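The values are calculated or read from the model by the stated rules, or taken from the named source; none is laboratory data. Nothing here was measured: the structure is a model prediction, and the numbers come from that model. Virtual Cβ from ideal backbone geometry, glycine too; neighbours counted across all protein chains shown.
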Amino acid sequence: MTLKPYHARLSGWGRCPVVDGLLLKSENLAAGGETASLARGLGRSYGDSSLPADADRPVLDTTLADRLLSFDPASGTLRAEAGASLFMLNRVFLRRGWFVPVSPGTQFVTLGGMVASDVHGKNHHVDGCFGEHVTSLKLRTGDGRIVECSDRCEPELFRATIGGMGLTGHVLEVEFPMRKIPSPWIWSESERIENLDRMVSGLKEAARDWPMTVGWVDCLARGEKLGRGILMKGRWATPNQAPGKPPVVKRRLRVPFQLPGVALCKPNMKAFNLAYYWKHFQKLRRGIVHPDSFFYPLDALDDWNLIYGRRGFTQYQCVLPHADDNGPSRRFLERFISGGGQAFLCVIKDCGAEGKGMLSFPRPGISIAMDFPVRPAKTPALVHRLNELVIAEGGRIYLTKDAFTRAKHFRAMEPRIDRFNQVRRRWDPKSRIRSAQSVRLLGDDA
Amino acid sequence: MKAVFLGATKGMGRALARLMAERGDRLFLLGRNADDLKTAGRDLEIRGAPQPVETAYCDLLDAASFAPALDAAFRAMDGVDTVVVTAGLFAKQEEMENDAELANRVLSADFTGTVLFCEEARKRLLAVYGLSNKSVSENTGATAGLSSSVFPGNITRTAGQAGSGAPFPSPTLCVFSSVAGDRGRKPVVLYGAAKAGLSQYLEGLDHKYRSAGLRTVCVKPGFVATGMTAGLKPPPFAGEPEAVARRVLKAIDRGRPVVYAPAAWRWVMCAIRKLPRCVMRKIEF
């Protein structure tokens, strides 16, 4: 009875593009995956990664398949279905002193999505991506086989699936070790930073002493103030630092409806960024913070993507290799501004070593992510200009965020595509599994 | 709390069972598919339900399965204080109009099957606590024999006055009916009829047995986004299973006889019940 696909308007978190598609919601992923061209979790990828390439084949919605299959309290090894959300894992495990080894900036993601995007977090410089910690995956490949893969068993398929955007098969089950934490609270230190040079060097310095770091940048500041922002550092609090009680699940507010486009006009964005910067009026702040506020500040507002209005928004995230000076990041921000970009939010982070995922995004360097409203006449051109700079700097973009990149630009920054596609073809000779993004960027037939 | 679930593998039942597991209640699962039950049991154990979460076969369309399934649960947990029925079938009105066999299955499961299951559960819930219960003394063989052999005298205690904080919760029968049973409406003529009968039965049960200590909780969910309703266009006030489960659990703990979830549906249905027929004939709701 649940195996009936139905018509739905589908989009990523950026709400651009929006397409008509078929959605199939099932508790049984292995059965539901038979006809599906792609699997999709909570739809937190920004662009077209979770959108179907063809309107007549369904997308498998995994969110009903969220059962925990096994947990070993001695080693922490957890096995769960792909639709299990991080929000639910946190609710179950945080108060017992366990946390995922790597957490992205929102908890409304599924395990399947975390594998497909090979998510990274504030601890990337120490712990790498989520995929580094995954010990085993169960997949339904495009040719219909159910395969268990890991570093030892079908390692090529395993490495292609990590960061593989769900294109190597539908992820059915994920196994990884949860990490024991000393307390469920965060000891955090945040510092107001005046400009980009200090921000980048601050991130590099903080990386030596702190397991978790990230920087927020006021993207509307110009000239000498370019790159000013707030540098956040954190570690799990020790039991004697932490309050005696577990953190409660915070009440969230909801954006009730789609706001008009002018809500994010330049003066409003400027006011927000200015307020956020000067809210941190002390130079340095330290203390115990709620883990949700530290890891998922934006989750406090449900449906916050509606504030960008009807035309939606996009996030541009790239990683630029380190240089002796802070030239790459500076050139990037300058090009963004000269291209007419106005970012509402901008996040900066230094990345650690490259992971095992064949198409995984992070590599050593500085990662910059900026959210901005889509303006159909301007945004694609801006993205192309940014891509040209990223290619020249030897960096790459994050597929999970992308909606506008051209195939030739992607190919220029990703020599790894061919190897990835070879593995895909081996497990899916008829290319049954594809997405709107794989057609746009990876050379799949439309 | 020791609870038996019929229908905890999916939807609202799954969400409710998870909440109870997280607070450490003992659980026993009944259902049709052994594999699904086993996986759901493991899931609940990991979330904090005391091990083992055992399971037994039970199908609303197979009345012969009710007694053995409940007996297995009462035996395994050494008595039960809460029985939750979230199982049920749903089909669209047009589908049932064109398919008498489907209509028969939905009507049988949602009314006859559920009511007969509740009857079996009622007898056992009252018997376990040694409550004054005419039905048990009238009952021949199976249940009466079982209540004396499986449950020794030391469980016999007076319930009924057990409020919050009492060491032994009152026996509670929590059944998921639907707002569809509140008024005859165009999109749910047949399904609504079965649920109306079920709601009526539960109200009668509450009137008759509350004084004897059995609390009946009739849950009337409005539209809730689950696998059952996937593909239907959600109306205003659509709910999420987790939020519904939190509300229902509160109602179980307090023994509220009727609970609408999400809460707004209480007022929506209040208005719908008051609409004159000439309006109901015109609108498509």
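Odds and ends about this structure:
- With respect to being more than 8 Å from chain B (Cβ to nearest Cβ) and more than 24 Å from A:GLY105 (Cα to Cα), A:ALA36 fits the description.
- Counted as qualifying within the stretch A:358-443 are the helices (runs of 4 or more DSSP H) with 3 or more residues that are among the aliphatic types (A, V, I, L, M), namely A:379-393, A:407-413, A:436-441.
- Counted residues, the stretch B:41-82 - those being assigned to a helix (DSSP H, G or I), aliphatic (A, V, I, L, M) and under 17 Å from the mean Cα position of the chain (by Cα): 5
- Unique residue being over 23 Å from the mean Cα position of the chain (by Cα) and in contact (Cβ under 8 Å) with a residue 40 or more places away in the chain when the list is A:PRO17, A:PRO58, A:PRO52: A:PRO58
- Test: residue in the stretch A:182-202 that is of a type in the set (Phe, Trp, Tyr), buried (at least 23 other Cβ atoms within 10 Å of the Cβ) and in a loop (DSSP other than H, G, I, E, B): yes
- Of residues in the stretch A:371-393 being of a type in the set (Val, Ile, Thr) and in contact (Cβ under 8 Å) with a residue 40 or more places away in the chain, the one nearest to A:LYS266 (Cα to Cα): A:VAL374
- Scanning the stretch A:161-183 for residues that are within 23 Å of the chain's Cα centre (by Cα) and not hydrophobic (A, V, I, L, M, F, W, C) turns up A:THR161, A:GLY163, A:GLY164, A:GLY166, A:THR168, A:GLY169, A:HIS170, A:GLU173, A:GLU175, A:PRO177, A:ARG179.
- Filtered residues of the stretch B:14-38 (kept if of a type outside the set (D, E, K, R), within 12 Å of chain A (Cβ to nearest Cβ) and in contact with a strand residue (DSSP E or B) (Cβ under 7 Å, 6 or more places away or on another chain)): B:ALA17, B:ALA21, B:LEU37
- Considered as a group, the residues in the stretch A:1-25 that are within 14 Å of another protein chain (Cβ to nearest Cβ) and crowded, with 23+ Cβ neighbours inside 10 Å include one that is nearest to A:ALA436 (Cα to Cα), and that residue is A:GLY21.
- Of the listed requirements (1) more than 11 Å from chain B (Cβ to nearest Cβ); (2) in contact (Cβ under 8 Å) with a residue 24 or more places away in the chain, A:ALA74 misses just one: (2).
- Note on the stretch A:50-63: among residues that are in contact with a Lys or Arg (Cβ under 6 Å, 6 or more places away or on another chain) and part of a loop (DSSP other than H, G, I, E, B), the one that is nearest to the other protein chains (Cβ to nearest Cβ) is A:SER50.
- Any hit, the stretch B:81-101, residues being more than 30 Å from B:ARG185 (Cβ to Cβ) and modelled with pLDDT under 95: yes
- Conditions (1) farther than 23 Å from A:THR400 by Cβ; (2) crowded, with 24+ Cβ neighbours inside 10 Å; number of the one not met by A:PHE158: (1)
- Among residues of the stretch A:25-49, those that are touching a helix residue (DSSP H, G or I) at 6+ places or on another chain (Cβ under 7 Å), assigned to a loop (DSSP other than H, G, I, E, B) and either without any contact (Cβ under 8 Å) to a residue 40 or more places away in the chain or of a type outside the set (Asp, Glu) (or both), counted: 9
- Residue within the stretch B:182-191 that is surrounded by 24 or more Cβ atoms within 10 Å (Cβ to Cβ) and either within 14 Å of the chain's Cα centre (by Cα) or within 14 Å of chain A (Cβ to nearest Cβ) (or both) present: yes
- Residues satisfying the stated conditions in the stretch B:85-126, i.e. of a type in the set (D, E, K, R), buried (at least 18 other Cβ atoms within 10 Å of the Cβ) and farther than 14 Å from B:ALA193 by Cα: B:GLU120, B:ARG122, B:LYS123, B:ARG124
- Here is the figure for the stretch A:31-75: residues that are buried (at least 19 other Cβ atoms within 10 Å of the Cβ) and of a type in the set (D, E, K, R) total 6.
- Residues within the stretch B:39-57 that are more than 14 Å from every other protein chain (Cβ to nearest Cβ), in contact with a Pro (Cβ under 9 Å, 6 or more places away or on another chain) and of a type outside the set (Ser, Thr, Tyr), tallied: 1
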